[in-house]
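To start, the structure itself, in structure tokens.
The values are calculated or read from the model by the stated rules, or taken from the named source; none is laboratory data. What you see is a predicted model; the values in this text were computed from it and never measured. Here the Cβ is made from the backbone with ideal geometry for all residues, glycine too, and neighbour counts use every protein chain on show.
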Amino acid sequence: MNQPDDPHSSYAPPRRGDDSFFWTVVSGLIFLYYGFYAPFIPPADPPVVTYAVIGFTWMARIVGVGMILVAILQKSGLPGASLINMVAAVLAALGCVVAGSILFMHQYTHPGFLMLAFGLLNIGSARAAIASWRYSNRQA
């Protein structure tokens, strides 16, 4: 039976320390960069591609702000960091996979492939964030 202290449990304890803070800030800054400074503007031929890019851009802005907020909450020790981290990670994974799939299907293979790759990486982060959130709820 999986116990909370079992290393094979889905209730993994949240990461603590400067490495978690550093990578959370880096992730937030990367999303903010793609949300504000490096938007991909496709031709307006298929409107679904334009909507996917607009959705990705706004998702990147929201996730970037959320990740910076998570880093601040983690560093200050305030509650709520695991919930915001979980929401931001799931949003990032879904946004990247959906937008990447749409771009890839409409022959924007390079940005589509990159977004799909980032989406797959974010799925791992989302799984870890969900496990951390579940662990923090069990401790409360």
Inset, instruction - Please identify the pairs in which a residue from segment 43-63 that is of a type in the set (S, T, N, Q) has its Cβ atom under 6 Å from the Cβ atom of a residue that is outside any helix (DSSP H, G or I), counting only partners at least 6 apart or on another chain. - result: THR50/ALA44; THR57/PRO39
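Would it be correct to say that ASN85 is of a type outside the set (A, V, I, L, M, F, W, C), under 14 Å from SER27 (Cα atoms) and part of a helix (DSSP H, G or I)?
Values: of a type outside the set (A, V, I, L, M, F, W, C): yes; under 14 Å from SER27 (Cα atoms): yes; part of a helix (DSSP H, G or I): yes.
The answer is yes for ASN85.
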Inset, instruction - State whether one or more residues within segment 126-137 are β-branched (Val, Ile, Thr) and free of Cβ contacts under 8 Å to residues at least 40 places away in the same chain. - result: no
Inset, instruction - Output the qualifying pairs, or none if there are none: Cβ atoms under 6 angstrom, residues six or more apart or on different chains, first residue in segment 77-106 and farther than 14 Å from ASN137 by Cα, second residue buried (at least 18 other Cβ atoms within 10 Å of the Cβ) and aromatic (Phe, Trp, Tyr). - result: GLY95/PHE56; CYS96/PHE118; ALA99/PHE56
Legend entry - Selection from segment 34-73 of residues that are over 16 Å from the mean Cα position of the chain (by Cα), among the aliphatic types (A, V, I, L, M) and either within 20 Å of GLY100 (Cβ to Cβ) or surrounded by 21 or more Cβ atoms within 10 Å (Cβ to Cβ) (or both): ALA38, ILE41, ALA44, VAL48, VAL49, ALA52, VAL53, ILE54
Legend entry - Test: residue in segment 11-33 that is over 16 Å from the mean Cα position of the chain (by Cα), among the acidic types (Asp, Glu), at pLDDT below 85 and not in a loop (DSSP other than H, G, I, E, B): yes
Legend entry - Single unsatisfied condition, PRO79 versus (1) in a helix (DSSP H, G or I); (2) farther than 20 Å from TYR37 by Cβ; (3) not hydrophobic (A, V, I, L, M, F, W, C): (1)
Inset, instruction - Could you tell me whether segment 116-139 includes any residue that is among the hydrophobic types (A, V, I, L, M, F, W, C), in contact with a Gly (Cβ under 7 Å, 6 or more places away or on another chain), in a helix (DSSP H, G or I) and surrounded by 15 or more Cβ atoms within 10 Å (Cβ to Cβ)? - result: yes
Inset, instruction - Would you check if ALA93 is at pLDDT below 90 and either outside any helix (DSSP H, G or I) or in contact with a Gly (Cβ under 9 Å, 6 or more places away or on another chain) (or both)? - result: no
